[in-house]
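The values are calculated or read from the model by the stated rules, or taken from the named source; none is laboratory data. Just so it is clear, the model here is predicted, and its values are computed rather than measured. Using ideal geometry, Cβ is built from the backbone for each residue, glycine included, and neighbour counts are taken over all protein chains shown.
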Amino acid sequence: MANYIFKETQRFNQLWIWMLLVFSAGIVFFAVFIPNESDPSDLWIPMGIIGLVFVIFLSLTLIIRIDSDSLSFSYFPFVSKRKYNFEEIESMELKEYNSLWEYGGWGIRYNFDSWAYNTGGRFGIMVKTKDKKFLLGTHKPDDAKKAVAMFEAYKSKNHGS
C-alpha cells in the first residue's frame, strides 16, 4: 500500500446546474429579439456576465492527489496547488456529509469551523493540520478510504500515534 496514489479530478457536471445556466442565458438572449424600445446594446452587460459565469463553471476543476507521504490539491482557477506533507497533517478521515446543510452549498465554502472544496457528492476527506481544517469532496470514497488508511499507517509507523 506504500506506493498507492489516489488521484481525482472533479468538475461541475450536474445536469441541473447546466440547465439553470442555459435557461438564464436563454432568457437574456431571447430578450434581444423581443421588440421593445430599449437599445439592444443594453444587453451586452448581462450577456457578458452570463458568458463569464459559463467560462468559470467550465474551468472550475478540483484536483486531489494523495501519495505515500503527502496530500496536494488545487481548485482552478481560484486555489493554486497546495501541498501538505504527512508530517504537517494531524488527522485525515473519510467523512459522509451534506454540503448543503453543513456548508451552505458546493464550491469553495466556509462554515466557521472548516473550509470545504467540492463539486458535489456526499463524501469528503476531512484534513486537520495544526493551523487549518478543511474538507476535500470526493466522488471516489472507496479509493479515498485506501488513501486515508495509507496516511494512518504512515502516522503510526513514523510517530507511534
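The table that follows gives values for the structure above.
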{"quantity": "The stretch 95-110, residues that are loosely packed, with under 12 Cβ neighbours inside 10 Å and among the hydrophobic types (A, V, I, L, M, F, W, C)", "calculated": "Leu100, Trp101"}
{"quantity": "Sole residue being within 17 Å of the chain's Cα centre (by Cα), among the aromatic types (Phe, Trp, Tyr) and either within 22 Å of Thr61 (Cα to Cα) or not in a loop (DSSP other than H, G, I, E, B) (or both), chosen from Tyr117, Tyr154", "calculated": "Tyr117"}
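Okay, residues lined up against (1) without any contact (Cβ under 8 Å) to a residue 24 or more places away in the chain; (2) basic (Lys, Arg); (3) part of a loop (DSSP other than H, G, I, E, B); (4) at positive phi:
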| position | (1), (2), (3), (4) |
| --- | --- |
| Asp42 | yes, no, no, no |
| Met47 | yes, no, no, no |
| Val53 | no, no, no, no |
| Ile63 | no, no, no, no |
| Ser68 | no, no, yes, no |
| Phe73 | no, no, no, no |
| Lys81 | yes, yes, no, no |
| Leu94 | no, no, no, no |
| Gly105 | yes, no, yes, yes |
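Quick grid of which residues meet (1) among the aromatic types (Phe, Trp, Tyr); (2) closer than 24 Å to Trp106 by Cβ; (3) at pLDDT 80 or above:
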{"site": "Trp16", "(1), (2), (3)": "yes, yes, no"}
{"site": "Val22", "(1), (2), (3)": "no, yes, yes"}
{"site": "Phe33", "(1), (2), (3)": "yes, no, no"}
{"site": "Asn36", "(1), (2), (3)": "no, no, no"}
{"site": "Ile56", "(1), (2), (3)": "no, yes, yes"}
{"site": "Ser59", "(1), (2), (3)": "no, yes, yes"}
{"site": "Leu62", "(1), (2), (3)": "no, yes, yes"}
